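Presented below is the structure to which this report refers.
The values are calculated or read from the model by the stated rules, or taken from the named source; none is laboratory data. Here the structure is a predicted model, which means the values were calculated and not measured. Virtual Cβ from ideal backbone geometry, glycine too; neighbours counted across all protein chains shown. All accessible areas refer to the heavy atoms of the entire protein, side chains included, with ligands and DNA or RNA removed. Shrake-Rupley method; radii C 1.70, N 1.55, O 1.52, S 1.80 Å.
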Amino acid sequence: MTRLTAVLPAAKAALGPPVIGEKVSARTWFAVGAGMMGAFMAVLDIQITNSSLRDILGSLAATQEEGSWISTAYLVAEIIVIPLTALLTRVFGVRTYMVATTALFLLFSTLCGAAWSLPSMIAFRVLQGFTGGALIPMAMTLVMTKLPPSKRATGMAIFGLTATLAPAMGPTFGGYLSELYGWPSIFYINWMPGALLIAGMIYGLEREQFQLKLLRSADWLGISLMALGLGSLTIFLEEGNTEDWFDSAFIITFAALAIAGLLGWVVTSALRAEPFVNLALYGQRNFLVATTLSAVTGMGLYGSSFLLPLYLGQIAGYSPMQIGEVIMWVGLPQLFIMPFVAALSSRVDNRILCSFGLGLFGASCLMNSSMDAGTGYEQLLLSQIVRALGQPFIMLTLSNFAMQGIAPRDMPSASSLFNMTRNLGGSIGIALLATSLSSRQHFHSARLGESISSFAAPTQLRLEQLTQSFIAHGIDPATAAHQALAAVDRIVRREAYVMAYNDCFYIIGVVLLSCIGALWFADKVKSPSGGAAGAH
């Protein structure tokens, strides 16, 4: 018995790919372009609050720990809704679903900008994530179902840009908008691309009949278990470091709920003839390799976007706008590289291209593993450009591996699972890096403290110099001596943090480079360049 999700004829016709060699109309390109804009907007909103978080928390009278829920709430809802898009698309049709979810996304974005308290902000971020999350897999689905094989490399290249540009540009946009117009503007800015997205969907796609009876026969037990498992896992990952992991009953509870929910989801999907999303796709070797590497790449994408702004703000003392000027160099070169990668992907074994991209991405992280307290814009420019050169080779080729040999009716499921896995990888990466940053800082601080003894001659000399400097500025000797000790302590802490950041970038680099070997378990794939689809 087949494990593929059943699709009614009307929905199947709507989602089926164009006839091979069919010319793509301007209307179709409008729809695909609008879908890409939606994916970019949804991914951007994961990161865009990070650089403005201090201003948001000040306005809402919230603490730093409480503020972590502003990002967590969005991620939880987004990751839950991504697997549901395959079902909801069949029920409402692509055009109706995309237009409705975008309109709601814009409404909830506006409410986020008008939030009057932390609970209201968290509630609106949940609703924003639940509507915005659908935009990510739908962009990939539109490429695979609306474009003929010969045009999919171009479509996947644009989709790859949304996946790699948005995490990099989030801090940039957030920093500029917050500094120039105030933090609510980071939510209001969604109206421009959102309105274009709605117009593109209405113009570019035909309206489809509703299939509401699919809701009655849907696997609601599986959906509930999926929501419980993915939601609990995201909370566990996002809040684990803040709550000291398994020292917290809160974290232990959500870890147990995550395990129960995910195992229950897998079991119910295996027992049901028509699951709402086809988990059996993970049994295909190329799809499994692609989604696994997508999770690792998500760790690198979101992890580096998490670490570098944090380093620049904490160690270099950069403002949000200055941080954005550094981060943008991991995004801008991709605009020029991606068309070249798309053309190359139809001529060269994608395993070679992806290996090259992983090598560059890993190397750029290793370049960041030797920073010091004086590292800034000029020193980081080269590593940012190397990272920008590598990322397009990864995202485009992984998409090709994931979608190779997928039946048209399973493309929404494949897109949902691929994008869900990447976002989960990002959450796992950030959680592990936040924990590593804290533990390595404590380790290096202890080692440096052992070396800087108050009885050592160099330490005594430095303390004497600082004390005399403070006395020269009119401070009494006792206070000056105390301030000298505090200054040395700050230097030790700063250097310990720099070494911890270096360790974290080293971890990312080694993991990315080690994935090159795993990639070669996949079959040889090239993007279709003409009349044939699939792998070559």
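Results, tabulated for the structure shown:
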{"quantity": "Residue order for Leu212, Leu225 - accessible surface, 1.4 angstrom probe, largest first", "calculated": "Leu212, Leu225"}
{"quantity": "Where labels lie 7 Å past Cα in the beta-carbon direction, separation of Ser59 and Leu107 in nm", "calculated": "2.2"}
{"quantity": "Phi-based couplings in Hz for the stretch 188-194 (Karplus 6.51, -1.76, 1.60; Gly and Pro marked x)", "calculated": "5, 5, 5, 5, 5, x, x"}
{"quantity": "Sites Ile471 and Leu332 - FRET efficiency at Förster radius 51 Å, r taken between beta-carbons, to 0.05", "calculated": "0.55"}
{"quantity": "Order by protection proxy (mean Cβ within 10 Å, highest first), peptides 435-447, 414-426", "calculated": "414-426, 435-447"}
{"quantity": "Gyration tensor (alpha-carbon) shape descriptor, the stretch 196-248, a/c threshold 1.5", "calculated": "oblate"}
{"quantity": "Candidate aspartates and glutamates - alpha carbon under 13 Å from Lys146, same-chain residues fewer than 8 apart omitted", "calculated": "Glu22, Glu206"}
{"quantity": "Helical contribution to [θ] at 222 nm, DSSP H n ≥ 4, -39,500 (n - 2.57), averaged over the chain, rounded to 500", "calculated": "-25500 deg cm²/dmol"}
{"quantity": "Nearest-0.05 FRET efficiency for Ala26 and Arg347, computed from C-beta distance (R0 41 Å)", "calculated": "0.90"}
{"quantity": "Nearest-10 value in Å² for the accessible area of Tyr176, using the 1.4 Å probe", "calculated": "70"}
{"quantity": "Solvent-accessible heavy-atom area per residue, rounded to whole Å², over the chain at 1.4 Å", "calculated": "40"}
{"quantity": "Percent accessible area from carbon and sulfur atoms, the chain, protein chains only, probe 1.4 Å", "calculated": "67"}
{"quantity": "Probe 1.4 Å - accessible area at Val296, Å² to nearest ten", "calculated": "30"}
{"quantity": "Gain upon complete extension [Ala114, Glu450; 0.36 nm per residue less C-alpha separation]", "calculated": "115.9 nm"}
{"quantity": "Rounded to the nearest 10 Å², the accessible area of Cys354 at probe 1.4 Å", "calculated": "0"}
{"quantity": "Label-to-label distance, nm, for residues given as Lys524 and Ala260 (7 Å Cα→Cβ offset)", "calculated": "5.0"}
{"quantity": "Length gained when the stretch Glu206-Ala407 is fully extended (0.36 nm per residue, less Cα-Cα span)", "calculated": "70.2 nm"}
